[in-house]
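See below for the structure under consideration.
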Amino acid sequence: MRQQDTNQLLRECNAGIKMAIDTIKEVLPNVKSQTLKEKLEKCEKEHERLGDETHSLLCQNRQSDEEPGMMAKGMSWMKTNMKMSLNPGDDTIADLISTGCDMGVRTLCRYLNRCKDASEQARSLVKRVIKVEEELSVELRTFL
């Protein structure tokens, strides 16, 4: 059960990180504020670093990366593009990203609670991802 919980937690974390990176890359060309752009670029790099760490742990466990579900990716893309076409400002970008952060935190907390037997290394990594997401969500409030 321990290995199964560890793998499930890492796959979910990996998929969430990929969604975050994709969304940041999608909105970055539309950011007007240099401060917001720097925050998002910093967060993108941090997510890439955490994604590499997650990928490494998955490989150690002989597991493949988990891609975000096609439905989730499609819905995210549609929501982002629809909102950006209606209101292409930094406030919309901040709202989209902070909403994504909040959803990511809830999902990862749910998996932490479900995967109680996951390795401490995996649990620690997921907690760091949650912390990054929570911090970004708070930082983006000044742009709403």
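The values are calculated or read from the model by the stated rules, or taken from the named source; none is laboratory data. Everything numeric here is computed off the predicted structure, so don't read it as measured data. Neighbour counts are summed over all protein chains in view; Cβ atoms, including those assigned to glycine, are modelled from backbone coordinates with ideal geometry. Side chains are part of the model used for accessible areas, which takes the heavy atoms of the whole protein and leaves out ligands, DNA and RNA. Shrake-Rupley method; radii C 1.70, N 1.55, O 1.52, S 1.80 Å.
Remarks
- Residue check: residue 31 meets all listed conditions (1) surrounded by fewer than 20 Cβ atoms within 10 Å (Cβ to Cβ); (2) farther than 29 Å from residue 113 by Cβ but one, namely (1).
- Close pairs (8 angstrom Cβ cut-off, 6 or more residues apart or separate chains): on the phi < 0 side of the Ramachandran plot and free of Cβ contacts under 8 Å to residues at least 60 places away in the same chain in the stretch 102-120, buried (at least 17 other Cβ atoms within 10 Å of the Cβ) and hydrophobic (A, V, I, L, M, F, W, C) anywhere: 105/130; 109/130
- The number of residues in the stretch 1-56 that are not charged (D, E, K, R) and not in a helix (DSSP H, G or I) comes to 3.
- Residue tally, condition of a type in the set (Asp, Glu) and either within 18 Å of residue 18 (Cβ to Cβ) or open to solvent by less than 60 Å² (accessible area, probe 1.4 Å) (or both), over the stretch 70-119: 3
- Applying the criterion of being in contact (Cβ under 8 Å) with a residue 40 or more places away in the chain and open to solvent by 60 Å² or more (accessible area, probe 1.4 Å) to the residues of the stretch 5-25, the residue that is farthest from the chain's Cα centre (by Cα) is 8.
- The set of residues in the stretch 60-69 being at pLDDT 80 or above and either open to solvent by less than 70 Å² (accessible area, probe 1.4 Å) or outside any helix (DSSP H, G or I) (or both) consists of 61, 62, 63.
- Among residues of the stretch 45-59, those that are surrounded by fewer than 16 Cβ atoms within 10 Å (Cβ to Cβ) and under 22 Å from residue 134 (Cα atoms), counted: 4
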